[in-house]
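Chemist: The structure's right below; bear with me while I get my questions together.
Where a number appears in this text, it was derived from the coordinates with a stated rule and is not lab data. None of these values were measured; they are calculated from a predicted model. FYI the Cβ positions are ideal-geometry reconstructions off the backbone, even for glycines, and counts take in every protein chain you see.
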Amino acid sequence: MLSGGSRALQHLSDYHHHHASIGLGFCGAKIVQLSSFFLRPSQAKASGNCSYKLRHRMISSSGFHYRTSGETPILHNCFSQREDDLELPADGSSPVSGGIVALGKFDALHVGHRELAIQASRIGTPYLLSFVGMAEVFGWEPRAPIVAKCDRKRVLTSWDSYCGNKAPVEYEIEFASVRHLTPREFVEKLSKELRVCGVVAGENYRFGYKASGDASELVRLCEEYGIGAYIITSVMDKKQDSEKRDSADSKDRGQVSSTRVRQALAAGDMSYVSELLGRAHRLILQVDNTGDMQSERRISVPRSSVLNLPPGNGVYKACLVLADDEPSVPCRVVVDSSYIHVETEELQLCNSDLAQEFLSVEFG
């Protein structure tokens with residue numbers, strides 16, 4: 001089981017002292033090396049209408065917390081907001097104005113992403129700033145998302161209790177519109193256009209054209225533009241041995257990542273997937289009631305009708321099938337190269353309210 005979660009790093013702003021040491025810097029201050037990786041009692045530099053209410057205590061996560069996910073899903077169109085399809089607030093400000101934005105690629109919404117949201121919520125109103133359209137820009141092969149787009153709101157809402165009853169909202173920006181921005185231009189967009197009060201990012205965060213900016217530059221630029229910058233240490237994958245964490249791959253030092261989630265799904269290790277996600281993996285199936293019902297207790301859905309990434313081929317027991325307000329039903333799932341087969345002994349699927357357009361299958 002994962003433990004010892006990420007801890008926020010922050011530097012006490014002191015504009016009368018110059019720090020020349022190398023390392024990660026925090027809270028819009030000079031870059032310093034902290035030996036203890038805890039957030040120190042501090043006061044953040046505020047700008048405009050930004051008002052930080054930081055309590056004078058350490059902010060850290062002592063570990064991961066898990067809740068049994070037995071709620072029935074409610075399928076939503078989307079929980080994200082696009083910069084090109086939102087109505088601006090009455091005062092003309094951006095939808096994230098005055099908020100704290102977590103920066104990253106939020107494909108899996110795993111425990112590391114949740115930690116960014118937790119730290120953002122401790123400072124102000126939390127948002128996840130996501131970029132869409134990267135695959136099209138870079139010509140990447142299309143691949144299924146880990147979390148179905150229509151299921152992201154449920155996941156983010158489930159973080160509510162971790163985030164002080166302030167579930168984060170996603171705000172999406174077309175990657176093509178920011179791809180060529182330098183690190184400085186990107187931070188300027190955050191400050192002048194989006195008018196955010198602060199940003200939270202992981203220690204390995206890269207940004208700007210060709211990923212030329214790193215966490216320390218983010219801190220320096222945010223200080224210059226009057227934005228609070230908070231860098232947190234990576235949430236480590238405790239299941240991986242130290243040799244892998246010390247590998248030469250600079251992108252994988254043993255931290256929880258979407259790549260690890262995909263690998264665990266491909267291996268069919270659903271217990272490991274649950275540890276990385278902090279919840280059970282939920283698969284969303286689009287059901288054709290005229291063709292997918294093979295028997296009263298079996299539904300077979302072609303892989304082309306699955307809205308997110310299924311686990312690798314195999315037989316999965318102790319699963320649940322859920323639909324809208326119906327109680328969860330124990331089921332067995334068989335994944336093969338062409339279909340997802342859902343089988344249950346407790347309910348006649350074709351004669352129930354579960355026989356509808358969308359089904360959720362949760363892997364135990």
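Chemist: Return the long-range amide H neighbours of GLU174 (sequence gap of 5 or more, or a different chain), with a cut-off of under 5 Å between placed amide H atoms.
Modeler: Sorted by chain and number, the residues that satisfy this are GLU83, VAL132.
Chemist: Given H placed 1.01 Å from N in the peptide plane, which residues other than close sequence neighbours of GLY312 have an amide H under 5 Å from its amide H?
Modeler: ALA266, ALA267, GLY268
Chemist: So if I place +1 on the C-beta of Lys and Arg and -1 on the C-beta of Asp and Glu, and nothing else carries charge, what would the dipole magnitude of the stretch 103-144 be about its Cα centre? I want it in debye, nearest 20.
Modeler: 200 debye
Chemist: For SER305 and ASP269 in the same chain, what is the full-extension length gain: residue separation times 0.36 nm, less their Cα-Cα distance, in nm?
Modeler: Between SER305 and ASP269, full extension yields 10.7 nm more.
Chemist: I'd like the Karplus ³J(HN,Hα) series for the stretch 193-204: coefficients 6.51, -1.76, 1.60, θ = phi - 60°, whole numbers in Hz, and an x wherever there's a Gly or Pro.
Modeler: With coefficients 6.51, -1.76 and 1.60, one gets 8, 8, 6, 7, 8, x, 10, 10, 8, x, 5, 9 Hz.
Chemist: Amide H of TYR205: which non-local residues (sequence gap of 5 or more, or other chain) have their own amide H closer than 5 Å, using H built in the peptide plane?
Modeler: Here ALA215 satisfy the definition.
Chemist: With a sphere of radius 15 Å drawn around the Cβ of TYR209, what net charge do the other residues whose Cβ falls strictly inside it have (Lys, Arg +1; Asp, Glu -1)?
Modeler: Its environment carries a net charge of +1.
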